[in-house]
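The values are calculated or read from the model by the stated rules, or taken from the named source; none is laboratory data. Just so it is clear, the structure is predicted and the values come from calculations on it, not from any experiment. So basically every Cβ, Gly included, is an ideal-geometry build from the backbone, and we count neighbours across all protein chains shown. Surface areas here come from the heavy atoms of the whole protein model, side chains and all, with no ligands, DNA or RNA. Shrake-Rupley method; radii C 1.70, N 1.55, O 1.52, S 1.80 Å.
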Amino acid sequence: MNHNISQEFIIGLLTQKGSFTFSTRTKYNRKRKRSVHKIPTFSLTMSTENETLMNSVRDRLKLKNKLYKFTSERNDGRKRNASITLIVRELGNIERIIIPFFYKRFIGYRTEQFNNWLLAIEKDPLVPFSYKKIYWRHKSKNL
């Protein structure tokens, strides 16, 4: 695999195929009380023909995350190609890899999406406090 792909290449790839969003996680305590959390999530999805490229991106970012493969056959009647997705939700990876790698490096709409994602990490009451600290640390460093 080619691990020498550039940061600019990955940023361009993400501009077309990636997203900064939130995953919802539901937990129940011992008394079966339900709590919902929104977890900051970075994802990159491509067709399965690009598995080698996806591995190179993951390796260049120094992530150990699994690549998830989704078949084209789903029960919703839509025609689509098989895809492969890199999903990053772990606190340490978001804080030490994803945010520093992409911070202030986008042009256009992706800049707005990334900045809104960072702001939502701080402002959304459903985001766990441990993730809010990420925003504060990166804001204070003014990367």
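Below is a table of values for the structure above.
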item	result
Whether the stretch 86-143 is rounded, prolate or oblate, judged on the alpha carbon gyration tensor where a/c under 1.5 counts as rounded	rounded
Mean separation of Cα contacts under 8 Å, 6 or more apart, over the residue count of the chain: relative contact order %	24 percent
Rel. contact order, % - alpha carbon contacts under 8 angstrom, at least six apart, the stretch 23-67	25 percent
Heavy-atom accessible area ranking, 1.4 Å probe, most first, across W136, W117	W136, W117
The chain - charge dipole about Cα centre, Lys and Arg +1 at Cβ, Asp and Glu -1, debye rounded to 20	940 debye
Positive-end extreme of charge dipole, the chain - chosen from S23, N115, L86 (charges on Cβ)	S23
Estimated FRET transfer efficiency when R0 is 25 angstrom, pair K104-L126 (beta carbons, to 0.05)	0.40
